[in-house]
Amino acid sequence: MIVDAFARFQIVDPLKFYISVGNERVARSRLSTIINSRIRNVLGQEELQTLLSKDRSKQMALIKEGVNNEAQNFGINIVDVRIKRADLPQANSDAIYRRMQTEREREAKEFRAKGAEMAVTITSTADKEVTVILADAQKQSEIMKGEGDGERNKIFADAFGQDPEFFAFYRAMQAYEKALIGGETSLILSPDSEFFKFFGNIKPEIQQ
């Protein structure tokens, strides 16, 4: 972990300060060594996220207390110790980034696989529903067609019962239409054939 920290201090015993360190430059150098050591000691037992949580103030208090205990030997009182920045080394950051990227890619593959599975399930369900709907529609169509045919046959039967001769005439007209359709049909039949029975009594109209 790379830590950038600073401290504010106050000279409370000038004589002890002068005897122990002599001047401010030496004092800063000695304090820098003490602060670095104390920070390593405290933060070495914690994880990086600790510095980003509410426990950060507790860790800073421990650092300040440890530094103050040694700074008193120089006639100095540590007012505050603060960490401006705390980062992982570049190699660690790259490794974490690669691990995060790999994890995201794995999650993306899982999401895509689940999506494909859901798509297959939805498609299969839809195809099944379409098949069932078409089968039901075909069934209803056949039922309605059967009912229609039955009703038609009933109507024909009723008509045949009421006027058999007209029914026979109607059926003969249908047979003529089918046999003679197109205008080029040739039939060779006996004059007394049943096929022409409705034409046998046709008499020409006499004009006066």
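Let me check I've understood the local charge: for ILE155, count other residues with C-beta under 15 angstrom from its C-beta, Lys and Arg +1, Asp and Glu -1. What total comes out?
Values: positive: ARG152, LYS154, ARG171; negative: GLU147, ASP149, GLU151, ASP158, ASP163.
Within the 15 Å Cβ shell, the charges total -2.
Averaged over residues, the count of other Cβ atoms within 10 Å places the peptides 112-119, 70-77 in the sequence 70-77, 112-119, highest first. Counting only other residues whose beta carbon sits under 14 Å from that of ASN23, what net charge do I get with K and R as +1, D and E as -1? Computed value for this residue: +3. Fully extending the segment from ASN41 to ILE143, taken as 0.36 nm per residue of separation minus the present Cα-Cα distance, adds 27.8 nm.
Could you give the length gained on full extension between ARG8 and ARG56, defined as 0.36 nm per residue of separation minus the Cα-Cα distance, in nm? Please report the intermediate quantities before stating the final value.
Values: separation 48, 0.36 × 48 = 17.28 nm, distance 1.81 nm.
Taking 0.36 nm per residue and subtracting the Cα distance, the gain is 15.5 nm.
Multiplying the residue separation of GLU177 and ASP127 by 0.36 nm and removing their Cα-Cα distance gives an extension gain of 13.4 nm.
Rule-based calculations on the coordinates, nothing more; no lab input. Here the structure is a predicted model, which is why all the values come from computation and not from measurement. Backbone-built Cβ (ideal geometry, glycine too); neighbour counts: all protein chains shown.
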